[in-house]
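Let me begin by presenting the structure, written as structure tokens, before commenting on it.
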Amino acid sequence: MSESAASRADSTTSPLPAEVVIVGAGPVGLFQIFELGLLGISAHIIDSLPQVGGQCTELYPEKPIYDIPALPVCGAQELIDRLMEQSKPFNATFHLGQEVTELAIQDDGKILVGTSAGTRLLAGAVVIAAGVGSFQPRRLGVPGIEALEGRSVHYRIKSAADFHDRDLVICGGGDSALDWTVALCGKARSLTLVHRRAEFRAAPATVARMRELVAAGKMTLFEGNVAEAHSETEGGEPRLARVVLQSANSTARREVRADRLVAFFGLHPKLGPIAEWGLELEKKALKVDTEKFQTNVPGIFAIGDINTYPGKKKLILSGFHEAALAAFAIQHHLYPEKRQFLQYTTTSPIMHKRLGVAGAEAS
Ligand SMILES: Cc1cc2nc3c(=O)[nH]c(=O)nc-3n(C[C@H](O)[C@H](O)[C@H](O)COP(=O)(O)OP(=O)(O)OC[C@H]3O[C@@H](n4cnc5c(N)ncnc54)[C@H](O)[C@@H]3O)c2cc1C
């Protein structure tokens, strides 16, 4: 089944059947695809972010990791790329940019999974690999901003063209803020970058380029924050018209015309709907047993940073082990009559076949 077909399903259509649904495409969720695939079980995987990788990709893509077995050093993004490559033979269906908002056990034990984008899946088992929760953008703390969000106030740029020929204010001091500032300078009608302090976290070369643009009079840099947002009505809807900026170093204020504002304040994790699914929690983590990594609800498993048990360590390594054991438990949950035995990837013909590697000699 294609991703688009899956994503098109909405609450008016029957949910699509799925063997297993994995909630969260961080490193541990991605490895779960692989471990299930080795046992011949297919998976759908959902993440609220528009890309896979969880904390590794979102928080520290360039940083080296030193405690992945047999990889003395591995970049965080490189680890995610390797996990994607490893899980490729198993053709998981990815549903990105949508939060899992609904999880409901049906009378027959199947689990209905619903997302913010209207995707509905009916799963034999669910693995929650939701890490520290779904990442949400940190929002601008200015009165009245909610009414403007999604139309003239944004926390992510989907299409650069939406900001061309606009009076644009960009807030933030990290890579996203600076990259977009440099990219949109000259394309926006006017551009003001607002950052609360003189130092930037972004790549030095981009910061230097931004300073050149300021020196050339092509954009404005303001050290401070947005204190007020004022709107006007356009087509019956409120639209941002101007902002008042408050200096970080004095009581000075400056009013700036702005019909688009983008704030790049980073993301923060939110446990969100997971806390409302009737699963047993301890300190915001899902309690599991250490044999199956199953929650208090049969058929719902939890692995990686989201779970807790005596001795739990929030490490990628621990999550990989949990994914392996959960896969066996899921196989037994889905097919209790099936005999389970351990096979090695080195020697198992059936695993070779599933992996699509040379020597796939048997069924
Ligand atoms: C700076 C830093 C350095 C680190 N260094 C190391 C290290 O050297 N070694 C190590 O082992 N660990 C390290 N860690 C920890 C490691 O990154 C985590 O243990 C790991 O990312 C956990 O993986 P996960 O897949 O369980 O969760 P995550 O990586 O958090 O991924 C969970 C995913 O689930 C998604 N999600 C959550 N809720 C929902 C929902 N309702 N709907 C849809 N999607 C949802 C999230 O958007 C996210 O993408 C580090 C962490 C940080 C912050």
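The values are calculated or read from the model by the stated rules, or taken from the named source; none is laboratory data. Please read these numbers as outputs of a predicted model, since none were measured by experiment. Quick reminder, even Gly has a Cβ in these numbers, built from the backbone with ideal geometry, and neighbours come from all protein chains shown. Surface areas here come from the heavy atoms of the whole protein model, side chains and all, with no ligands, DNA or RNA. Shrake-Rupley method; radii C 1.70, N 1.55, O 1.52, S 1.80 Å.
Would you say LEU49 is open to solvent by less than 20 Å² (accessible area, probe 1.4 Å), over 21 Å from HIS332 (Cα atoms), modelled with pLDDT under 95 and not β-branched (Val, Ile, Thr)? Before you say what the answer is, go through the steps one by one.
Working: open to solvent by less than 20 Å² (accessible area, probe 1.4 Å): yes; over 21 Å from HIS332 (Cα atoms): yes; modelled with pLDDT under 95: yes; not β-branched (Val, Ile, Thr): yes.
It is true that LEU49 is open to solvent by less than 20 Å² (accessible area, probe 1.4 Å), over 21 Å from HIS332 (Cα atoms), modelled with pLDDT under 95 and not β-branched (Val, Ile, Thr).
Being acidic (Asp, Glu) and at pLDDT below 95 is the filter; apply it to region 268-306 and report the residue that is farthest from the chain's Cα centre (by Cα).
So in region 268-306, the residues acidic (Asp, Glu) come out as 276, 280, 282, 289, 291, 305.
Filter once more, keeping what is at pLDDT below 95: 276, 282.
Values: GLU276: 20, GLU282: 23 Å.
Across region 268-306, the extreme among qualifying residues is GLU282.
Any residue that is closer than 27 Å to GLY124 by Cα and either within 16 Å of the ligand (Cβ to nearest atom) or open to solvent by less than 50 Å² (accessible area, probe 1.4 Å) (or both) - is there at least one of those in region 335-349? Looking through region 335-349, at least one residue is closer than 27 Å to GLY124 by Cα and either within 16 Å of the ligand (Cβ to nearest atom) or open to solvent by less than 50 Å² (accessible area, probe 1.4 Å) (or both).
For the residues GLY278, GLY356, the requirement of being within 16 Å of the ligand (Cβ to nearest atom) and at positive phi singles out GLY278.
Do you know which of the residues in region 52-62 that are assigned to a loop (DSSP other than H, G, I, E, B) and more than 6 Å from the ligand (Cβ to nearest atom) is most open to solvent (accessible area, probe 1.4 Å)? That would be GLU62. What about GLY37, is it more than 13 Å from the ligand (Cβ to nearest atom), in a helix (DSSP H, G or I) and surrounded by 19 or more Cβ atoms within 10 Å (Cβ to Cβ)? Here the answer is yes, as GLY37 does meet what is asked.
So that you can scan it fast, the table gives a plain yes or no per residue for (1) in contact (Cβ under 8 Å) with a residue 12 or more places away in the chain; (2) in a loop (DSSP other than H, G, I, E, B); (3) within 16 Å of the ligand (Cβ to nearest atom):
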residue: ASP108; (1), (2), (3): no, yes, no
residue: GLY131; (1), (2), (3): yes, yes, yes
residue: GLY144; (1), (2), (3): yes, yes, no
residue: ILE170; (1), (2), (3): yes, no, no
residue: GLU199; (1), (2), (3): yes, yes, no
residue: LYS218; (1), (2), (3): yes, yes, no
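Of the strands (runs of 3 or more DSSP E) lying entirely inside region 257-363, those containing at least 3 residues that are over 22 Å from ILE111 (Cβ atoms) and touching a Phe, Trp or Tyr at 6+ places or on another chain (Cβ under 9 Å) are 260-263, 267-270.
May I ask you to verify whether ARG156 is in contact (Cβ under 8 Å) with a residue 12 or more places away in the chain, touching a helix residue (DSSP H, G or I) at 6+ places or on another chain (Cβ under 9 Å) and away from the ligand (no atom under 16 Å from the Cβ)?
Details: in contact (Cβ under 8 Å) with a residue 12 or more places away in the chain: yes; touching a helix residue (DSSP H, G or I) at 6+ places or on another chain (Cβ under 9 Å): yes; away from the ligand (no atom under 16 Å from the Cβ): no.
No; evaluated as a whole, the condition is false for this residue.
Would a scan of region 176-191 turn up a residue that is assigned to a strand (DSSP E or B) and surrounded by 20 or more Cβ atoms within 10 Å (Cβ to Cβ)? Talk me through it step by step, then tell me what you get.
Of region 176-191, the ones assigned to a strand (DSSP E or B) are 190-191.
Remaining after also requiring surrounded by 20 or more Cβ atoms within 10 Å (Cβ to Cβ): 191.
Taking every residue of region 176-191 in turn, at least one turns out to be assigned to a strand (DSSP E or B) and surrounded by 20 or more Cβ atoms within 10 Å (Cβ to Cβ).
Applying the criterion of being near the ligand (Cβ under 8 Å from one of its atoms) and without any contact (Cβ under 8 Å) to a residue 40 or more places away in the chain to the residues of region 65-81, the residue that is nearest to the chain's Cα centre (by Cα) is ALA76.
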